[in-house]
Each structure stands twice: as structure tokens, then as C-alpha cells.
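The values are calculated or read from the model by the stated rules, or taken from the named source; none is laboratory data. Keep in mind the model is a prediction, meaning the values are calculated, not measured. As a convention, Cβ positions derive from the backbone with ideal geometry for all residues, glycine included, and neighbour counts pool all protein chains shown. Note: areas computed on protein heavy atoms with side chains; ligands, DNA, RNA excluded. Shrake-Rupley method; radii C 1.70, N 1.55, O 1.52, S 1.80 Å.
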Amino acid sequence: MGSPSAGVVLCFSHTMATLRPGGPKLVFLVGFMGAGKTSVARALGQKLGWSFEDLDDRIEAREGQPIHRIFETSGESGFRQAETAALRELLAETRPQPYVVALGGGAFAQAQNVDMIEQAAVPVIFLDGPPEELFQRCEAEQGKRPLQSDLDRFRDLYQQRRPAYLRAAHRVDTAGKDVDEVAMEVASCLGLL
Ligand code: S3P
């Protein structure tokens, strides 16, 4: 993400899905590759004194292999099964401390995952941004993302998934912002500032 822009907190919300006082505290960050979900989850966790998790890390631990290897050995469908199983496991856990979880870019585009998340009434924040900027961030990270190809295909997949991401209760625009600024906006969306 770029340097901080104006100190205005903008959050687009279409429901009042905020945290219930005294209830279980869990928040999901969703969005396309390069949106900064993992970095923002970490920053938000530090800011609020919450723990954080990346669902992809849980998938790798459960499967005993890195994401790119799961794609190589089991294809995308095998990865999606592993992803749904990891999400189901996470949602079945009870923890004493609140936590924030970054989901992989395709997780919230799978109907059964959305159903599980909505049934659990977990607040979801969509980290959005122009696909060109998201692509540049992925290029800069040089991570092993099996579904990151050329810009045209990246943009097409983003457009295809965006309606699913928009089912999230809140949307935060990350364009030109740094991680801390986005984390502040997420905290504001959730009424935690
Ligand atoms: C994926 C995004 C990745 C990872 C996997 C599939 C996707 O996570 O879950 O490579 O389908 O967009 P990030 O969004 O953290 O890169």
C-alpha cells in the first residue's frame, strides 16, 4: 500500500453487524489478492490487543504443505475443499480472547463458506482496491500465488468475485493507503475506535 492519505476515516456499511457486547469476538477480513488482508489483520490485532490468524496458514498446517503445492497436487478444487474444512474448524472453536482472521482471496467467493460465516453472524470487512494496484502489490511481494497470472486475467477474476465480496457488511477502500490507516478504518467500521 502507498503512503498515508488524508486522515479521513471512510467505511461503507450496509448492515449494523457489529460486535455484540460480551459475545464471542471474531472478525473476518476478505478481499482479493493483494488487498493487504494479512498485514491489516496483524496491525488490527496489535492495535486492539486481539490475536490474529491467516486462514491460509491454518490450511498449510492442516495439509502439511504450502498452498502452491496443494494446488499442484490437488488442483484448485482440492484447495477449496481444504479451505472450507479449515474454515469450518475455525468456526467451531471457542476462544477466550477476541481475534481477527484474514481469509484467502477466494474464500468469500465460495457460497458454502459465505453461508457458514453468515450463520455464525461474524462481522466481515471487505478490503477493496483497484485491481491494478492490487496486482502491483502482489508483484512487489513476489509471493507464490497460484492464481496470480497476467494483469488481464487478474482483473477479470477480481470483477468476477467482486459481487461476492460486496456481501460483506462493510467495505474499506485501501487505494493509496498504508496498512495502519486501513486498520484504523476497519476498527472504526466495527465501532472500536
Ligand atoms: C487465493 C488467494 C490466496 C490463497 C490461494 C488462493 C485466491 O490468498 O488463499 O492462493 O483464490 O484468490 P491471498 O488472498 O492471501 O493471497
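Miscellaneous remarks
Condition check ((1) modelled with pLDDT under 95; (2) open to solvent by 10 Å² or more (accessible area, probe 1.4 Å); (3) within 14 Å of Phe28 (Cβ to Cβ)) across all residues:
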{"residue": "Glu63", "(1), (2), (3)": "no, yes, no"}
{"residue": "Ala86", "(1), (2), (3)": "no, no, yes"}
{"residue": "Glu89", "(1), (2), (3)": "no, yes, no"}
{"residue": "Thr94", "(1), (2), (3)": "yes, yes, no"}
{"residue": "Phe126", "(1), (2), (3)": "no, no, yes"}
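- Matching entry among Gln148, Gln159 (being closer than 22 Å to Gln81 by Cβ and polar (S, T, N, Q)): Gln148
- Count of residues meeting criterion [free of Cβ contacts under 8 Å to residues at least 40 places away in the same chain and closer than 29 Å to Ala187 by Cβ] in segment 47-94: 15
- Residue-level analysis places Glu181 outside the set of residues that are within 16 Å of the ligand (Cβ to nearest atom), charged (D, E, K, R), more than 24 Å from Asp57 (Cβ to Cβ) and open to solvent by less than 50 Å² (accessible area, probe 1.4 Å).
- Search result, residues across segment 176-193 that are modelled with pLDDT of 95 or more and out of contact with any helix residue (DSSP H, G or I) (no Cβ under 6 Å at 6 or more places or on another chain): Gly176, Lys177, Asp178, Glu181, Met184, Glu185
- Considering (1) at pLDDT below 95; (2) closer than 22 Å to Phe52 by Cα, the lone condition that Ser149 does not fulfil carries the number (2).
- Residue selection: Ala102 fails the criterion of being within 12 Å of the ligand (Cβ to nearest atom), surrounded by 17 or more Cβ atoms within 10 Å (Cβ to Cβ), free of Cβ contacts under 8 Å to residues at least 60 places away in the same chain and within 16 Å of the chain's Cα centre (by Cα).
- Segment 66-175 holds helices (runs of 4 or more DSSP H) entirely within its bounds, and those carrying 3 or more residues that are among the hydroxyl-bearing types (Ser, Thr, Tyr) map to 67-92.
Listed here are the residues, each with its yes/no results for (1) in a loop (DSSP other than H, G, I, E, B); (2) in contact with a Phe, Trp or Tyr (Cβ under 6 Å, 6 or more places away or on another chain).
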site: Phe28; (1), (2): no, no
site: Phe32; (1), (2): yes, yes
site: Ala35; (1), (2): yes, no
site: Thr38; (1), (2): no, no
site: Arg42; (1), (2): no, yes
site: Gln46; (1), (2): no, no
site: Asp56; (1), (2): no, no
site: Ile59; (1), (2): no, no
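- Verdict on Ala109 being open to solvent by 10 Å² or more (accessible area, probe 1.4 Å) and in contact (Cβ under 8 Å) with a residue 40 or more places away in the chain: yes
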